[in-house]
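J.: What follows is a single structure, and I will ask about it in a moment.
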Amino acid sequence: MGSMQKTATLRRPLNWIIAPSRESLPLWASVALGVALLTALSKIALPIPGSPVPVTGQTFGIALIALLWGRKRAMTTVASYLLLGFSGAPVFAGPVLPFTLGPTSGYLVGMFFSSAWVGWLSDRGWSRSLWRALIAAETGSLIIFAFGLGVLSTFVPSEHLLAAGWIPFIPGDVLKTTLAAWVASRRGQQREQS
């Protein structure tokens, strides 16, 4: 990249959003694919008795996207997904009234911060090793649960909070993060070999 082009890019860092160029088309194609994946995974929803929060495939998608694509692309994907959902598009597991706060809103917002953290670790090579990818994905899940429980606590009595918003999700979460870490680490190892 020439000096003049680099300076122009630094002056207009959001230009790829406002006026997509030929170079940014792969980014937007992957964002659209990621939003479609998260939407499809949100429709895999299993209700938990006594909880307003279902088990979904979204957390698998968040971990996978962040581990494979890194921070910038993952955050852009998740932000696009959330913007669509919070504006009323039917992309979430259940119905959401536009721009309202519901029992699952904290989990959804936590997905954005999780994608930033896990993507940041991936950018630093954590997705090349199964164990490091698993640690990254699990810490990302903890971020989602922290935000989720924070908002859920306004809807559920404190004595039922962990039973409604965390404990029943642990086995599925371990399975989903392990699968995402395995896929990402395999992909990372394939890239290193080629």
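J.: Excluding ligands, DNA and RNA, what is the solvent-accessible area per residue of the stretch 40-194 at a probe of 1.4 Å, expressed in Å²? Provide the component values of the computation, followed by the final result.
T.: Numbers: 7750 Å² over 155 residues.
That works out to 50 Å² per residue.
J.: A further question on this structure: Using the basic label-point model (7 angstrom from Cα toward the beta carbon), what is the residue 123 to residue 182 distance in nanometres?
T.: Calculated label separation equals 2.9 nm.
J.: How many nm separate the modelled label positions at residue 193 and residue 43, each set 7 Å beyond the Cα in the direction of the Cβ?
T.: 3.5
J.: In percent, what relative contact order does the stretch 36-194 have, based on Cα pairs under 8 Å that are 6 or more apart in sequence?
T.: 28
J.: Same structure, new question: Using the Karplus curve 6.51 cos²θ - 1.76 cosθ + 1.60 with θ = phi - 60°, work out ³J(HN,Hα) for each residue of the stretch 174-184 in order, rounded to whole Hz, and write x for Gly and Pro.
T.: For the stretch 174-184, the Karplus curve yields 4, 4, 5, 5, 5, 5, 4, 5, 5, 4, 5 Hz.
J.: Relative to the present Cα-Cα distance, how much length would full extension add between residue 158 and residue 87 at 0.36 nm per residue of separation?
T.: 22.6 nm
J.: Computing the accessible area with a 1.4 Å probe over protein heavy atoms, can you report the carbon and sulfur percentage for the chain?
T.: Looking at the chain in its full context, I get 69 percent from C and S.
J.: Near the amide H of residue 55, under 5 Å away, which other amide H atoms are found, from residues 5 or more places off or on another chain, if H is placed in the peptide plane?
T.: 46, 48
The values are calculated or read from the model by the stated rules, or taken from the named source; none is laboratory data. Note that the structure is predicted; figures quoted are calculated from it, not measured. Positions of Cβ are generated from backbone atoms using ideal geometry, with glycine treated the same way; all protein chains shown enter the neighbour counts. Side chains are part of the model used for accessible areas, which takes the heavy atoms of the whole protein and leaves out ligands, DNA and RNA. Shrake-Rupley method; radii C 1.70, N 1.55, O 1.52, S 1.80 Å.
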